[in-house]
Structures are given as structure tokens and as C-alpha cells.
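Worksheet for the structure shown next.
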Amino acid sequence: MDYCVIFSTAGSQEEADKIAAAVLESRAAACVQMRPIESLYHWEGKIERAKEIHLLIKTKETLYAQVEKLIKENHSYEVPQIVKLPINGGLPDYLNWISEETA
């Protein structure tokens, strides 16, 4: 079975909590880790700075589309960060736990 992590950001803790609840309650992810970060980025011709919440979402490759949809439905950004990276290895017991906790 193939696994992945999905990186996203939210503009507030409330929004991050909403996204995390959506992916966890639907069983589209086994775990969401959150931490505050400061981002600098190009947007509409300017360099912007924002305090955000970084989300690291652990799931199966087969559930990526569902997670992406849930993030977009619960996100306030016009173009939210949604980046998927494959998990190429890991503790088998942990990867099995991801399988057991997702749909």
C-alpha cells in the first residue's frame, strides 16, 4: 500500500482546526500535525508576510483526492497550499496504523 504526506497551511488556528476535523472525521487521514509558522511569499506582484498554521497530513495515496477536496472546501485562500509527497518507507507498524485509521 502506498502512503503520502500532504503539506498545507491555514490562515488561522480556527481554519486549521476546521480542516483537520474535516479530514479526520471523514477518515481521509490518520493524523494531522499543526504548528505555527511565518511565511514569506510572492502574491499579486508583492512579497507578503503572514503568520500561518502549517498542517502535515498523513494518509494513503488513494485518499489524496478526497483530502484535497476537503482542504479546498474548508479553506479561505484563493490558492491554498496543497502539496503531496510520497512516503517511501517507514516503520511498518506505523504505516499499518495509517491504513487502519483511514477509510
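The values are calculated or read from the model by the stated rules, or taken from the named source; none is laboratory data. The structure displayed is predicted, hence computed values, not measured ones. Counting neighbours? That spans all protein chains shown, and the Cβs are built from the backbone with ideal geometry, glycine included. Please note that ligands, DNA and RNA were not included when accessible areas were found on the heavy atoms of the full protein model with its side chains. Shrake-Rupley method; radii C 1.70, N 1.55, O 1.52, S 1.80 Å.
What about Leu55, is it modelled with pLDDT of 95 or more, surrounded by 15 or more Cβ atoms within 10 Å (Cβ to Cβ) and in a strand (DSSP E or B)?
On the way: modelled with pLDDT of 95 or more: yes; surrounded by 15 or more Cβ atoms within 10 Å (Cβ to Cβ): yes; in a strand (DSSP E or B): yes.
It is true that Leu55 is modelled with pLDDT of 95 or more, surrounded by 15 or more Cβ atoms within 10 Å (Cβ to Cβ) and in a strand (DSSP E or B).
Going by the structure shown, is Ala29 in a loop (DSSP other than H, G, I, E, B), closer than 25 Å to Asn88 by Cβ and at pLDDT 95 or above? Steps first, answer last, please.
Working: in a loop (DSSP other than H, G, I, E, B): yes; closer than 25 Å to Asn88 by Cβ: yes; at pLDDT 95 or above: yes.
Spelling it out, Ala29 is indeed in a loop (DSSP other than H, G, I, E, B), closer than 25 Å to Asn88 by Cβ and at pLDDT 95 or above.
Restricting attention to the range 1-26, which residues are in contact with a strand residue (DSSP E or B) (Cβ under 9 Å, 6 or more places away or on another chain), open to solvent by 90 Å² or more (accessible area, probe 1.4 Å) and under 28 Å from Asp93 (Cα atoms)?
Matches in the range 1-26: Met1, Asp2.
For the range 70-103, give me each residue that is in a strand (DSSP E or B) and either among the basic types (Lys, Arg) or over 13 Å from Lys60 (Cβ atoms) (or both). Walk me through how you get there before you give the answer.
Taking the range 70-103 as the starting set, the residues that turn out to be in a strand (DSSP E or B) are 82-87.
Once the filter is applied, which keeps residues that are in a strand (DSSP E or B) and either among the basic types (Lys, Arg) or over 13 Å from Lys60 (Cβ atoms) (or both), the range 70-103 yields Ile82, Val83, Lys84, Leu85.
Considering every residue within the range 69-79, establish whether at least one is touching a strand residue (DSSP E or B) at 6+ places or on another chain (Cβ under 7 Å) and open to solvent by 30 Å² or more (accessible area, probe 1.4 Å).
The answer is no, given that none of the residues of the range 69-79 is touching a strand residue (DSSP E or B) at 6+ places or on another chain (Cβ under 7 Å) and open to solvent by 30 Å² or more (accessible area, probe 1.4 Å).
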